[in-house]
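Taking it in order: structure first as structure tokens, then the write-up.
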Amino acid sequence: MSTFVLVHGSWHDGSAWQAVIDQLEAKGHHAFAPTIAGHGKGVNKNVNHAQCTQSIVDYIVSKDLNDIVLVGHSFGGTIIAKVAEAISNRIRRLIFFNAFVLNDGESLNDNTPPHSQALSDQLARQSGDHTVMLPFEIWREVFINDADLELARSSYAQLSPQAYQPWLDKLDLKQFCSLPIPKSYLYCTEDNVLPQGDWGWHPRMSSRLGLFRFVQMSGSHEVMFSNPVGLAEKMIAAGRD
Amino acid sequence: MSTFVLVHGSWHDGSAWQAVIDQLEAKGHHAFAPTIAGHGKGVNKNVNHAQCTQSIVDYIVSKDLNDIVLVGHSFGGTIIAKVAEAISNRIRRLIFFNAFVLNDGESLNDNTPPHSQALSDQLARQSGDHTVMLPFEIWREVFINDADLELARSSYAQLSPQAYQPWLDKLDLKQFCSLPIPKSYLYCTEDNVLPQGDWGWHPRMSSRLGLFRFVQMSGSHEVMFSNPVGLAEKMIAAGRD
Amino acid sequence: MSTFVLVHGSWHDGSAWQAVIDQLEAKGHHAFAPTIAGHGKGVNKNVNHAQCTQSIVDYIVSKDLNDIVLVGHSFGGTIIAKVAEAISNRIRRLIFFNAFVLNDGESLNDNTPPHSQALSDQLARQSGDHTVMLPFEIWREVFINDADLELARSSYAQLSPQAYQPWLDKLDLKQFCSLPIPKSYLYCTEDNVLPQGDWGWHPRMSSRLGLFRFVQMSGSHEVMFSNPVGLAEKMIAAGRD
């Protein structure tokens with residue numbers, strides 16, 4: 001049995017994983033889903049990437065979690081890489097789940113297509129508080145394309161504006177590249193958040209991991225909502241040894 | 001419940017959709033499958049692309065269909081783009097199903113690999129009436145690779161020579177690119193009619209749609225024959241809102 | 001009903017196919033799984049590619065097998081191409097199953113990424129007998145990523161060091177390119193032995209076949225161990241006519 005720590009992506013908070021946690025626990029695993037600093041509703045969004053990382057490190061250390069399978073979804077991939085540098089001795093395996101794997105010295109924004117960056121810049125400027133909110137139309141068509149409209153709406157209601165600074169911070173990842181922690185890449189094949197092909201998640205992001213275990217399932221970027229049963233099964237396979 | 005209008009591809013006529021229509025109607029939807037002008041057995045094949053388009057526009061207008069989900073398969077993708085320009089107010093969503101999405105000013109032939117173009121040119125010259133008939137061997141191996149030989153033969157018997165001119169006509173699609181109609185791309189993952197990779201359907205064609213809903217299923221180019229149940233389900237998901 | 005001859009890949013011997021053979025025979029087919037010369041435990045590993053090929057030719061001729069569906073897995077793809085040149089009249093169809101399809105004049109090693117070649121060179125030098133043994137970590141993560149650890153270990157115990165010379169030999173394949181034998185490519189979508197993308201199995205290798213039947217299933221490079229039931233079904237579909 002494993003101990004999973006699930007790190008959510010942009011706009012989400014830890015509550016996004018509830019149905020997945022239920023599945024993991026039903027199979028006898030432990031699972032935790034901290035909310036990254038500056039994420040969730042009604043909190044101060046004035047955070048940078050280092051603060052985001054530190055909040056997850058603090059959570060794991062304060063609960064004294066060990067031998068963990070650390071999962072990062074989307075933006076969460078940039079967090080778990082830095083968490084792994086900080087507390088590598090507590091981590092048994094990293095799972096990047098349709099997640100960014102940054103090269104040393106890059107930001108998340110360096111890895112998104114020009115038209116996405118332009119839209120993000122514009123939304124951040126208009127926000128007044130350096131955040132980006134995802135338009136519902138994009139959520140429905142590109143993020144959660146495998147759900148019905150009702151689920152698209154109810155899951156959207158759980159989101160909140162994303163702090164923009166963590167997408168802009170360039171990360172020092174020299175240490176990460178040499179960590180001996182085993183890694184998996186879990187890829188959902190209908191994910192269109194990064195356009196498939198040259199800018200896609202896989203194999204562009206996954207191949208940066210060096211040796212990694214590749215696990216694949218059908219579904220959108222948001223299978224924690226649209227297929228939590230299937231996602232939990234694949235997480236267990238990705239992290240089983 | 002939705003109203004589907006299904007536009008077939010080259011060599012086919014409206015009867016190709018019969019099993020899919022049965023499925024859609026069994027789920028409570030309405031479905032129509034017009035035959036494009038110059039297509040089907042025993043008709044005059046001397047048509048151009050504009051005449052093909054007009055025949056579908058006329059069908060929809062004469063039946064006074066509204067709020068439709070307009071599906072185009074393969075060559076049919078080039079038709080629905082022009083139909084959408086003509087009667088955008090009648091269309092709720094476009095579904096490109098393993099379909100050509102042309103750039104403004106291009107023809108279908110501009111989007112096929114050189115060896116395919118050469119074969120088409122040769123077959124059209126040899127035909128005597130500027131048509132192209134698909135050799136059975138290519139149909140069986142490349143179009144309907146997921147069927148048994150019996151189904152490959154019975155479905156082939158439904159085909160008829162394809163008018164070549166509509167593949168050569170360069171389309172003015174400036175208006176299409178700015179239409180606000182929602183779009184989906186439905187992709188069958190064993191389709192080898194366009195060779196997967198640089199010349200493939202997805203993401204090459206799909207990415208030209210801008211914002212689109214991506215839906216995927218296993219199967220060949222001809223799942224309307226080999227898996228009409230699965231295809232109807234995915235069409236419903238692709239067009240549900 | 002068909003007669004299958006299954007040609008294994010590197011490190012394997014004919015016993016790797018046992019569960020698949022059981023499935024094929026249960027469906028009424030005949031199936032044979034010769035061991036390539038210089039492969040298997042406790043044999044002389046001093047062989048070149050021509051000797052490997054000849055051993056399979058001899059096997060088929062000595063058993064007087066005809067109208068066969070000849071399957072090559074991985075390295076076995078380089079063998080069946082040369083076997084097809086030698087005894088084309090005995091072969092009904094070739095199935096390349098996550099297999100190398102070499103261009104005329106190339107070796108297997110010419111088709112692997114630089115870092116893989118460097119590792120192979122190093123392992124061969126260190127071996128003392130010009131063989132390469134696959135490290136367990138790579139087997140578990142990259143070859144049999146869809147299995148549990150127990151199956152990863154038990155299947156690894158069946159492997160033996162691979163003769164290196166057959167990977168280095170440049171093959172004359174001019175005759176193969178013009179053989180009229182029908183061909184299929186069977187691709188497992190979680191195979192990460194060749195990194196997906198520019199260096200991947202499909203469509204890089206498959207497209208070299210010219211006209212071919214494309215069949216796809218989920219699974220790793222080693223589905224003969226992790227999913228023999230599914231593999232047998234897809235082989236039957238790939239070879240049914």
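The values are calculated or read from the model by the stated rules, or taken from the named source; none is laboratory data. Keep in mind it's a predicted model, so treat the numbers as computed, not measured. Here the Cβ is made from the backbone with ideal geometry for all residues, glycine too, and neighbour counts use every protein chain on show. Surface accessibility is based on the protein's heavy atoms, side chains included, excluding ligands, DNA and RNA. Shrake-Rupley method; radii C 1.70, N 1.55, O 1.52, S 1.80 Å.
Would you mention how many residues in segment C:227-240 are open to solvent by 10 Å² or more (accessible area, probe 1.4 Å) and within 16 Å of the chain's Cα centre (by Cα)?
Number satisfying all stated conditions: 2.
If we keep just the residues of segment B:102-112 that are closer than 21 Å to B:Ser220 by Cα and in a loop (DSSP other than H, G, I, E, B), which is farthest from the other protein chains (Cβ to nearest Cβ)?
Ranking the candidates gives B:Leu108 first.
In this structure, is C:Gly200 farther than 30 Å from C:Gln51 by Cα and either assigned to a helix (DSSP H, G or I) or within 13 Å of chain B (Cβ to nearest Cβ) (or both)?
Taking the combined requirement at face value, the residue does not satisfy it.
Residues that are within 14 Å of chain A (Cβ to nearest Cβ) and either out of contact with any helix residue (DSSP H, G or I) (no Cβ under 6 Å at 6 or more places or on another chain) or closer than 22 Å to C:Lys234 by Cβ (or both): does segment C:81-101 have at least one?
Yes, segment C:81-101 has at least one match.
Out of the residues in segment A:144-182 meeting the condition of being over 22 Å from A:Asn48 (Cβ atoms) and under 17 Å from the mean Cα position of the chain (by Cα), tell me which one is farthest from the other protein chains (Cβ to nearest Cβ).
So the residue we want is A:Gln158.
Could you please find all residues in segment B:57-101 being surrounded by 19 or more Cβ atoms within 10 Å (Cβ to Cβ) and touching a Lys or Arg at 6+ places or on another chain (Cβ under 8 Å)?
If the condition is that a residue be surrounded by 19 or more Cβ atoms within 10 Å (Cβ to Cβ) and touching a Lys or Arg at 6+ places or on another chain (Cβ under 8 Å), then B:Ile60, B:Ile68, B:Val69, B:Leu70, B:Arg93, B:Leu94, B:Ile95, B:Phe96, B:Val101 are the ones that fit.
Looking only at segment B:229-237, decide whether some residue is part of a loop (DSSP other than H, G, I, E, B) and at pLDDT 95 or above.
Here is the first cut: in segment B:229-237, the residues part of a loop (DSSP other than H, G, I, E, B) are none.
There is no residue in segment B:229-237 that is part of a loop (DSSP other than H, G, I, E, B) and at pLDDT 95 or above.
So the check is Cβ under 7 Å with 6+ separation or different chains; which pairs have a first residue in segment C:55-69 that's closer than 15 Å to C:Ala33 by Cβ and of a type in the set (Gly, Ala, Ser) and a second one that's part of a loop (DSSP other than H, G, I, E, B) and at pLDDT 95 or above?
Pairs found: C:Ser55/C:Ile36; C:Ser55/C:Ala37.
Go through (1) part of a helix (DSSP H, G or I); (2) acidic (Asp, Glu); (3) open to solvent by less than 20 Å² (accessible area, probe 1.4 Å) for A:Glu150 and report which single condition fails.
(3)
Report whether or not B:Asn89 is within 23 Å of B:Ser2 (Cα to Cα) and of a type outside the set (Ser, Thr, Tyr).
When the stated conditions are applied, B:Asn89 passes them.
When you scan segment B:113-138, how many residues do you find that are part of a helix (DSSP H, G or I), within 11 Å of chain C (Cβ to nearest Cβ) and open to solvent by less than 60 Å² (accessible area, probe 1.4 Å)?
Result for segment B:113-138: 1.
Do the conditions hold for C:Ser220, that is, is it touching an Asp or Glu at 6+ places or on another chain (Cβ under 6 Å) and either more than 14 Å from chain B (Cβ to nearest Cβ) or not in a helix (DSSP H, G or I) (or both)? Outline the logic, then answer.
Numbers: touching an Asp or Glu at 6+ places or on another chain (Cβ under 6 Å): yes; either more than 14 Å from chain B (Cβ to nearest Cβ) or not in a helix (DSSP H, G or I) (or both): yes.
For C:Ser220, the condition - touching an Asp or Glu at 6+ places or on another chain (Cβ under 6 Å) and either more than 14 Å from chain B (Cβ to nearest Cβ) or not in a helix (DSSP H, G or I) (or both) - is met.
Would you say C:Pro195 is in contact with a helix residue (DSSP H, G or I) (Cβ under 7 Å, 6 or more places away or on another chain), at pLDDT 95 or above and in a loop (DSSP other than H, G, I, E, B)?
Working: in contact with a helix residue (DSSP H, G or I) (Cβ under 7 Å, 6 or more places away or on another chain): yes; at pLDDT 95 or above: yes; in a loop (DSSP other than H, G, I, E, B): yes.
Judged against the criteria, C:Pro195 is a match.
Could you check segment C:9-29 and list, in sequence order, the residues that are over 20 Å from C:Ser55 (Cα atoms) and open to solvent by 30 Å² or more (accessible area, probe 1.4 Å)?
The answer is C:Ala19, C:Asp22, C:Gln23, C:Glu25, C:Ala26, C:Lys27, C:Gly28.
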